[in-house]
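The values are calculated or read from the model by the stated rules, or taken from the named source; none is laboratory data. Being a predicted model, the structure only gives us computed values, none of them experimental. Here the Cβ positions follow ideal geometry from the backbone for every residue, glycine too, while neighbour counts run over all protein chains shown.
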Amino acid sequence: MLVRLFVLVFFAFVSQLEIANSQTNQSQTVPDFNGQFVLESVNGNKPTGDTKLIISQVGPELRLARESVNAGTTQKSVFTYYTDGRGETNLYPELYPYKEKVKSVTTWKKDELIVKFSLPSTMVNNQVLVNEGVHQFKLSQDGQSLTVISSFTVEPAKTDASSNPFASPRSPNPITTPIKRSEKRIYRRI
């Protein structure tokens, strides 16, 4: 009975420490992303069309509305991110136009906002390919420019489907090394 009481008190103490630590981490100073930004460059080149971001940041919730106008066509997207790492689900029409929602996890890494996500896997020659991405958001020291680096990786699945005796015969793997692509966008605060 005494041991049981000790275990309960111990777990209650550890739970309180975790809550206090979580509140301390959330109260750390984070950059203020609130505002409107216009796209200045993509990989060092002038962008085609106009893109504007409107960011609203309240506590751990960050809402990003993007409006792009290209050749007279307007595309609007709204994303909600939770910077405390709880995870979120958004549509990424420009990355995955099939109206399927994409799950992501958003956290702070010092003064940088990191969004990690996985697009649905694809099959090529009976091989599963994993599609993953990362968006990194960073404000300049003066807060007047926002740099967004988006990195994408396509690689073979780490698990081998050939261990399934009922699977179809596998063809040679179309990708032997991961395919990586990166894009750097710089926005100016307006």
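A few remarks follow.
- The requirement of being out of contact with any Lys or Arg (no Cβ under 7 Å at 6 or more places or on another chain) and more than 16 Å from Val148 (Cβ to Cβ) is not satisfied by Gly133.
- The criterion of being within 20 Å of Glu112 (Cα to Cα) and either surrounded by 10 or more Cβ atoms within 10 Å (Cβ to Cβ) or modelled with pLDDT of 95 or more (or both) does not hold for Phe10.
- Candidate set from region 27-49 (those that are under 23 Å from the mean Cα position of the chain (by Cα) and more than 18 Å from Phe137 (Cβ to Cβ)); member that is modelled with the lowest pLDDT: Ser27
- For Gly85, the criteria (1) of a type in the set (Gly, Ala, Ser); (2) within 14 Å of Phe37 (Cα to Cα); (3) part of a loop (DSSP other than H, G, I, E, B) hold in every case but one, which is (2).
- Val105 meets each of the listed conditions (1) under 24 Å from Leu146 (Cβ atoms); (2) touching a strand residue (DSSP E or B) at 6+ places or on another chain (Cβ under 6 Å); (3) at pLDDT below 95 apart from (3).
- Failed criterion for Ser68 (all others in (1) surrounded by 13 or more Cβ atoms within 10 Å (Cβ to Cβ); (2) hydroxyl-bearing (Ser, Thr, Tyr); (3) within 12 Å of the chain's Cα centre (by Cα) hold): (3)
- Within region 88-102, restricting attention to residues that are part of a strand (DSSP E or B) and of a type in the set (A, V, I, L, M, F, W, C), the residue that is modelled with the lowest pLDDT is Leu91.
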